[in-house]
Amino acid sequence: EVVLAALRHWGTAAVERFIGMFAIALWQESERRLWLIRDRLGVKPLYYAWDGRVLWFGSELKALRAFRAWRAEVDRGPLGEYFQFGYVSAPRSIYRQVCKLPPGHWLELRETGEPATRCYWSVLEPREPLAGSESELEEQLEALFIDAFRYRMVADVPVGVFLSGGLDSSLVAAILQRHSGQTVHTFTVGFTDPSFDESRWARRVATHVGTQHTEHVLSPAEMAGILTRWADLFDEPFGDSSGVPTFLVSCVARESVKVALSADGGDELFSGYQHYGAMLARERMLARMPRPARNALSHSLQLLPARSLQRLVDRLPAPAPLRHAARRVVVDRLERLRVVLPEADPATIYDLGMSLWTPAESAQLLGGFVSPRPVPNGHRSNFADHMSCCDLRHYLPDDILTKVDRTTMAVGLEGREPLLDHRLVEFALRLPLGLRRGALGTKHLLRRVLYRYVPRAIVDRPKQGFGIPMSRWLRGELSALLDIYLAPERVRAAGILDPRVVARALNNFREGGPGRDRLDVQKVWLLLAFEMWREKWA
């Protein structure tokens with residue numbers, strides 16, 4: 001009612017006054033005009049298709065498939081992006097005729113015209129750097145946190161928080177417990193494998209701040225059960241395996257609450273990802289090399305075709321672990337170096353560095369059907385800002401937020417994102433790099449606020465992320481899934497992937513041995529996730 005009244009009063013300009021998540025379809029009868037509007041950060045999804053006469057739209061692809069006129073075909077260009085990054089980013093979708101409305105955009109369709117999209121907000125907009133001392137900015141940031149977090153506690157039903165024990169979720173739980181005026185429910189998923197389990201840290205945070213805490217340990221049997229539903233949860237190819245624990249924690253939370261807050265966005269806004277440091281070092285190394293030298297070295301590496309090197313390594317009379325190590329150094333790393341050396345665009349360099357399957361590998365896998373995703377435009381003063389903007393534009397909405405939206409909505413749980421209040425986002429994007437990666441490490445200024453609520457001894461530790469022991473499970477309890485879905489005759493009959501490339505990836509994974517190479521695990525998981533999707537939807 002409030003949204004409709006605002007739109008009636010201000011028109012589409014009202015969108016710039018909204019705070020939070022939304023996906024809106026608005027029909028203006030007086031002007032015979034339809035608007036589709038998506039929130040600034042892309043918390044809520046919005047797909048659409050236009051056949052020249054009819055516009056279809058919905059929050060999921062399966063909603064569009066319900067139309068009798070559905071004739072969409074798989075687009076192999078975006079499929080290459082899926083194998084590079086684990087998702088397909090807006091405005092493309094896995095289907096040729098279907099688009100995703102990008103975050104911060106609206107679509108307008110007049111009765112006699114074609115759909116037209118326009119950006120009303122973007123992370124790429126130039127913004128003036130913040131002025132003030134570190135202490136002053138810390139005070140401002142804490143005030144923004146409190147306001148944004150309390151705003152998302154407004155509900156007439158119980159509200160909970162997903163608590164991993166990391167910096168961001170600990171901050172959300174601690175501030176809400178102190179300032180919301182109610183007991184906060186927190187929920188954690190743990191693992192029997194201690195190298196992946198953070199539940200003890202989440203428990204310590206919950207005990208310290210005083211939340212009502214629930215935790216659940218994920219078993220391989222539950223993992224297998226969730227995988228049987230993977231294509232139902234994600235009706236577009238999706239390769240982020242942390243969707244498994246996210247779905248389980250959503251199931252656990254739904255038994256007690258109807259709204260849950262997730263702490264996504266902190267890494268992108270405050271330069272928290274571990275790979276940011278490695279990518280910054282790589283970028284500095286490239287910057288020191290003269291352009292002619294980079295081009296010459298790249299050209300020299302072109303004389304060593306990746307396929308020839310692959311065959312040479314495969315024929316080495318050496319134990320499997322040695323062949324595996326040689327393959328990673330000689331084939332994969334040289335190919336990545338060859339591609340990145342001549343590049344000047346920071347966003348492209350970052351994309352190449354983050355690829356799981358390289359563009360060349362994706363082309364082999366798909367028989368040459370690969371088209372690069374659009375690179376975000378916009379001037380940034382340093383490579384760290386380029387990385388953050390790339391992740392805010394692609395990885396956050398099309399991976400992280402997609403994962404949270406699908407898994408929470410599947411169990412009737414409303415997921416909210418307090419760190420993605422656009423006022424907080426705009427503040428973080430204006431911070432100098434030294435307050436994002438500073439004396440305290442990553443998320444420097446966020447840490448200073450957090451230490452007011454939680455002792456450093458509880459939250460200061462190496463970042464783990466929301467990973468799962470996929471390598472051990474795919475070599476053990478779930479290995480049969482690989483034999484079933486990646487069987488050469490099955491892949492060949494589908495006619496999308498090259499069965500020889502699939503077989504080689506599976507062999508590399510098994511030859512490497514447990515824990516030897518995370519990249520091989522991710523490549524095989526992407527193949528498995530795609531084949532599960534293809535069997536149901538393609």
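Each value in this text was obtained by applying a stated rule to the coordinates, not by laboratory testing. All figures in this text were calculated on a predicted structure; none of them were measured in a lab. Positions of Cβ are backbone-derived with ideal geometry, glycine not excepted, and every protein chain shown enters the neighbour counts.
Could you state the orientation-averaged shadow area of the convex hull built on the Cα atoms of segment 429-538, in nm² to one decimal?
Approximately 11.1 nm², given one-decimal rounding.
The alpha carbon convex hull volume per residue for the chain rounds to 165 Å³. Computed 3J(HN,Hα) for segment 239-255, one whole-Hz value per residue from the Karplus formula 6.51 cos²θ - 1.76 cosθ + 1.60 where θ = phi - 60°, is x, 8, 5, 5, x, 5, x, 5, 5, 5, 5, 5, 4, 5, 5, 5, 5, glycine and proline marked x. Projected label points at residue 110 and residue 333, each 7 Å from Cα along the beta carbon direction, are separated by 5.9 nanometres. Taking every alpha-carbon pair under 8 Å whose residues sit at least 6 apart, the chain reaches a relative contact order of 21 percent. Sequence-ordered 3J(HN,Hα) estimates for segment 344-352 from the Karplus curve with 6.51, -1.76 and 1.60 and θ = phi - 60° stand at 10, 6, x, 5, 5, 4, 5, 4, 5 Hz, glycine and proline given as x. Taking only the Cα atoms of segment 2-119, the radius of gyration and Dmax are 15.0, 46 Å. Here the label points at residue 63 and residue 125, each 7 Å from Cα along the C-beta direction, are separated by 2.6 nm in the simple model. The order of 453, 95, 151, going from fewest to most other C-beta atoms within 10 Å of their C-beta, is 151, 453, 95.
Within the chain, which is the longest segment containing none of the GluC sites (Glu not before Pro) that sit in a DSSP loop and have at most 13 other Cβ atoms within 10 Å?
Working: sites that count: 1, 29, 31, 73, 111, 255.
Here the longest segment lacking exposed loop sites spans 256-538.
Using C-alpha pairs under 8 Å with a sequence gap of at least 6, the mean separation divided by the residue count of segment 469-538 gives a relative contact order of 36 percent. Here's how it looks for residue 414: its modeled amide H is under 5 Å from those of 259, 260, which are all 5 or more places away or on a different chain. Close amide H contacts of residue 273 (hydrogens built in the peptide plane, cut-off under 5 Å, sequence separation of 5 or more or a different chain): none are found.
Computed across segment 44-184, the Kirkwood hydrodynamic radius from all distinct Cα-Cα pairs reaches 19.3 Å. You can think of it this way: the chain between residue 315 and residue 451 has 43.4 nm of extra reach, that is 0.36 nm per residue less the Cα-Cα gap. Between the amide H of residue 264 and those of 419, distances stay under 5 Å, these residues lying 5 or more places away or on another chain, with hydrogens modeled in the peptide plane.
Would you mind checking 44/403; 443/523; 403/523; 44/100; 403/536 for any pair whose Cα atoms are more than 21 angstrom apart? Could the numbers behind the result be given before it?
Numbers: 44/403 11 Å; 443/523 30 Å; 403/523 19 Å; 44/100 11 Å; 403/536 19 Å.
In this structure, 443/523 exceed 21 Å between Cα atoms.
Per-residue 3J(HN,Hα) values for segment 528-535, derived from phi via the Karplus relation 6.51 cos²θ - 1.76 cosθ + 1.60 with θ = phi - 60°, read 5, 4, 5, 5, 5, 5, 4, 5 Hz in sequence order (x marks Gly and Pro).
Note down the net charge around residue 406, summing +1 for each Lys or Arg and -1 for each Asp or Glu among other residues with Cβ under 10 Å from its Cβ. Kindly include the intermediate steps, with their values, before the conclusion.
On the way: positive: 403; negative: 60, 232, 235, 236, 405.
Residues near residue 406 contribute -4 overall.
Near residue 37, within a Cβ-to-Cβ distance under 14 Å, what is the net charge of the other residues, with Lys and Arg +1 and Asp and Glu -1? Walk me through the numbers on the way to the answer.
On the way: positive: 17, 33, 38, 40, 44, 100, 118; negative: 16, 39, 108.
With Lys, Arg at +1 and Asp, Glu at -1, the neighbours total +4.
On full extension of the chain, what length is gained from residue 500 through residue 13, given 0.36 nm per residue of separation minus the C-alpha to C-alpha distance? Mind showing how you got there, number by number?
On the way: separation 487, 0.36 × 487 = 175.32 nm, distance 5.35 nm.
Net length gain for the segment: 170.0 nm.
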